[in-house]
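The values are calculated or read from the model by the stated rules, or taken from the named source; none is laboratory data. Keep in mind it's a predicted model, so treat the numbers as computed, not measured. As a convention, Cβ positions derive from the backbone with ideal geometry for all residues, glycine included, and neighbour counts pool all protein chains shown.
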Ligand SMILES: [Zn+2]
């Protein structure tokens with residue numbers, strides 16, 4: 001396929017580890033149990049439309065134990081279906097608040113648990129809450145992270161350096177530059193443009209460049225990438241598949257159909273992070 005337009009699709013598989021550590025108003029949530037049935041449904045849908053995805057799995061979920069915290073058999077089914085299993089930390093930690101030792105520990109424990117579960121390498125990472133955002137080298141400053149995380153905090157550069165140290169090769173990132181933030185405040189909308197691969201401290205990264213979910217804006221970024229090239233990075237949470245929001249199955253199915261059609265027309269590559277790692281090596 002000649003086009004360099006590519007789709008990277010992610011599901012953040014949080015389970016109840018993520019529910020317990022929810023940072024949205026109201027504190028801990030109990031949606032963890034929804035992850036499992038909805039993931040089975042996602043595996044059916046992705047197979048039906050022939051679109052592969054990356055499931056960013058909390059490492060502890062791959063250890064033996066019961067739902068809503070564990071389901072190693074389902075993690076193996078995800079891998080066996082041809083999707084990529086990425087790490088989403090060990091217990092859905094808020095990474096900006098970790099010091100270097102804590103950071104290395106969660107990255108290592110998650111990689112080990114997932115690799116032992118699926119019997120294959122896990123080289124890609126998706127940070128919980130999409131943070132850290134703070135990345136001064138990329139002109140991105142997060143005052144909130146600096147205020148809350150304290151002295152030993154982890155910024156995006158520190159995260160990528162630790163990922164390199166622990167054997168990862170890819171990271172999904174979400175920082176916004178100061179200029180982009182100003183543009184977004186003035187125009188009152190999110191700036192969504194095709195993304196490219198950037199290397200941060202030896203780690204190949206792509207930025208989230210569409211809103212979470214599969215609304216009209218996600219379709220627009222997809223169409224724009226198909227025309228002009230570049231990467232569209234979309235994602236959601238399995239537990240939200242029937243939540244009635246932009247991650248709902250009713251929004252997802254037309255998006256999958258659209259991606260499949262563009263792919264059939266030779267206008268879109270369906271990528272996984274492991275393809276990006278291989279292409280870059
Ligand atoms: Zn998460």
Of all residues being within 15 Å of the ligand (Cβ to nearest atom) and part of a loop (DSSP other than H, G, I, E, B) in segment 21-40, which is surrounded by the fewest Cβ atoms within 10 Å (Cβ to Cβ)? Just the residue, please. 24
Scanning for something touching a residue at least 40 places away in the same chain (Cβ under 8 Å), at positive phi and surrounded by fewer than 19 Cβ atoms within 10 Å (Cβ to Cβ), does segment 41-62 turn up at least one residue? yes
Is it true that some residue in segment 94-106 is buried (at least 17 other Cβ atoms within 10 Å of the Cβ), over 17 Å from the mean Cα position of the chain (by Cα), farther than 16 Å from residue 205 by Cβ and away from the ligand (no atom under 16 Å from the Cβ)? yes
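I need a count of the residues in segment 1-18 that are within 16 Å of the ligand (Cβ to nearest atom) and either touching a residue at least 60 places away in the same chain (Cβ under 8 Å) or surrounded by fewer than 15 Cβ atoms within 10 Å (Cβ to Cβ) (or both). Explain how you work it out, then say what you get.
Just the residues of segment 1-18 that are within 16 Å of the ligand (Cβ to nearest atom), to begin with: 9-18.
With the extra rule that they be either touching a residue at least 60 places away in the same chain (Cβ under 8 Å) or surrounded by fewer than 15 Cβ atoms within 10 Å (Cβ to Cβ) (or both), the set shrinks to 9-14, 17-18.
Of the residues in that region, 8 qualify.
Return the only residue of 194, 127, 132, 136 being out of contact with any strand residue (DSSP E or B) (no Cβ under 8 Å at 6 or more places or on another chain), touching a residue at least 12 places away in the same chain (Cβ under 8 Å) and closer than 30 Å to residue 259 by Cβ.
Values: 194 fails: out of contact with any strand residue (DSSP E or B) (no Cβ under 8 Å at 6 or more places or on another chain); 127 fails: out of contact with any strand residue (DSSP E or B) (no Cβ under 8 Å at 6 or more places or on another chain); 136 fails: closer than 30 Å to residue 259 by Cβ.
Unique residue meeting the criteria: 132.
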Where a residue in segment 69-98 is within 18 Å of residue 46 (Cα to Cα) and part of a loop (DSSP other than H, G, I, E, B) and its partner, wherever it lies, is within 14 Å of the ligand (Cβ to nearest atom) and modelled with pLDDT of 95 or more, with Cβ under 6 Å and at least six apart: 83/55
If I ask for residues that are within 16 Å of the ligand (Cβ to nearest atom), under 17 Å from residue 38 (Cα atoms) and either in contact with a strand residue (DSSP E or B) (Cβ under 8 Å, 6 or more places away or on another chain) or modelled with pLDDT under 95 (or both), which ones from segment 58-90 would you list? 58, 61, 75, 78, 85
